[in-house]
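See below for the structure under consideration.
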Amino acid sequence: MVLQAQEGRLITSASAVHVLVATAVPVERDAVAGAFPAPAREVPLPAAILHRYDDDRSGPGGAQEPHGVPYVRYDLLAAGVGPALAAANTAAALTAAALAGTPYDLVVSAGIGGGFQPDAPLGSLVAADTITVADLGAEAPDAPGGFLPVTELGFGVVHHRPPGSLVREVAAVTGARIGTVLTVSTVTGSAGRAAELRARHPRALAEGMEGFGVAEAATAHGTPVLELRAVSNTIGPRDRDAWRIGDALAALTGAFGKLTPVLERWTSHDRTD
Ligand SMILES: O=C(O)c1cccc(C(=O)CC[C@H]2O[C@@H](n3cnc4c(=O)[nH]cnc43)[C@H](O)[C@@H]2O)c1
């Protein structure tokens, strides 16, 4: 069995769970942190700071197998707005953890997002079974919808698929709706663009600006990824006064309060797709 030295103790790989939660901005990170009782330790990265929550419920003997309780670490990262910055900072965190011999078992992209109506109402949660980049490609007047995804140009990927069993469990405990979450570099601000996106992605429930970037970084490290969005606004004509950011942040805190046991069980035992 693989053993790793972690802060002066020996911890078996089977009994340690390391989760990275990447939000865009500090207020989202702090909403997630609201689900953790203990104060965080700050761990610097090249261009960001991890907020680390260690949760060792295995007693003074450390995380030993007979207790059957894993040593759990959550690192919360405000990784920046947009797919590129979120990918860069998530990759930095993944690399730092790998070099320290404590690689992450799971990366969660979490934050507020826009919801397609009526399927994802304000304040509701969406767990992605598919994380899709919606605007990476080329305009092409002759193509369906006038757009060719980058894969049609012969490059890259446009979808990442979180483990199905984990998505179902997360949805079951949090009440999240399951569907596609789109990643966009421009917040949708018109009914026409909303309809265009929905026509191209009929299973889409929500959009955000980071999920695909976080997923690209996680995938480059061979680490499973999850995306959870709390709906702060409807997708369509821009109406800043109608945004319900506080409600969405509260939903995010509530969700993490319920889903930590699921994440810990899945990463330490289940890991099925
Ligand atoms: O338009 C504004 O006045 C405005 C005010 C505050 C924040 C914004 C954002 O664009 C926040 C983007 C941020 O939040 C996520 N997010 C939230 N809703 C959406 C959406 O409908 N489409 C895409 N992203 C959204 C996103 O992940 C960013 O991190 C605008």
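The values are calculated or read from the model by the stated rules, or taken from the named source; none is laboratory data. Keep in mind the model is a prediction, meaning the values are calculated, not measured. Neighbour counts run over all protein chains shown; Cβ positions are idealised from the backbone, glycine included. Accessible surface is based on the protein model in full, side chains and every heavy atom, while ligands, DNA and RNA are left aside. Shrake-Rupley method; radii C 1.70, N 1.55, O 1.52, S 1.80 Å.
Side notes on the structure shown:
- Long-range neighbours under 6 Å by Cβ, at least six apart or interchain, first residue within 18 Å of ALA96 (Cα to Cα) and buried (at least 16 other Cβ atoms within 10 Å of the Cβ) within the range 8-21, second at pLDDT 70 or above and small (Gly, Ala, Ser): VAL17/SER268; LEU20/ALA93; VAL21/ALA110
- Set ARG177, ARG161, ARG168: member being under 24 Å from HIS269 (Cα atoms), within 20 Å of the chain's Cα centre (by Cα), surrounded by fewer than 19 Cβ atoms within 10 Å (Cβ to Cβ) and in contact (Cβ under 8 Å) with a residue 12 or more places away in the chain: ARG161
- Subset of the range 207-248 that is near the ligand (Cβ under 9 Å from one of its atoms) and touching a Phe, Trp or Tyr at 6+ places or on another chain (Cβ under 7 Å) - its residue that is farthest from ALA24 (Cα to Cα): ILE235
- Taken together, the residues in the range 140-186 that are part of a loop (DSSP other than H, G, I, E, B) and closer than 15 Å to PHE212 by Cβ amount to 9.
- The residue that is most open to solvent (accessible area, probe 1.4 Å), among those in the range 182-194 that are farther than 13 Å from VAL158 by Cβ and in contact with a helix residue (DSSP H, G or I) (Cβ under 8 Å, 6 or more places away or on another chain), is SER185.
- Looking only at the range 28-53, and only at residues there that are surrounded by 15 or more Cβ atoms within 10 Å (Cβ to Cβ), aliphatic (A, V, I, L, M) and touching a helix residue (DSSP H, G or I) at 6+ places or on another chain (Cβ under 7 Å), the one that is farthest from ALA248 (Cα to Cα): LEU45
- Among the residues of the range 217-233, the ones that are more than 18 Å from GLY164 (Cα to Cα) and either buried (at least 22 other Cβ atoms within 10 Å of the Cβ) or more than 20 Å from the chain's Cα centre (by Cα) (or both) come to 4 in all.
- Scanning the range 195-206 for residues that are part of a helix (DSSP H, G or I) and either more than 15 Å from the ligand (Cβ to nearest atom) or open to solvent by 10 Å² or more (accessible area, probe 1.4 Å) (or both) turns up ALA195, GLU196, ARG198, ALA199, ARG200.
- Taking the conditions (1) open to solvent by 10 Å² or more (accessible area, probe 1.4 Å); (2) assigned to a strand (DSSP E or B) in turn, GLY254 satisfies each one other than (2).
- Count of the range 102-122 residues which are over 14 Å from VAL225 (Cβ atoms), open to solvent by less than 30 Å² (accessible area, probe 1.4 Å) and more than 13 Å from the ligand (Cβ to nearest atom): 1
- Residues of the range 9-67 classified as assigned to a helix (DSSP H, G or I), more than 16 Å from the ligand (Cβ to nearest atom) and at pLDDT 90 or above, total: 1
- Residues of the range 216-236 classified as assigned to a loop (DSSP other than H, G, I, E, B) and closer than 19 Å to LEU205 by Cβ, total: 2
- Residues (assigned to a helix (DSSP H, G or I) and either under 18 Å from the mean Cα position of the chain (by Cα) or within 13 Å of ALA110 (Cα to Cα) (or both)) located in the range 257-273: GLY257, LYS258, LEU259, THR260, PRO261, VAL262, LEU263, GLU264, ARG265, TRP266, THR267
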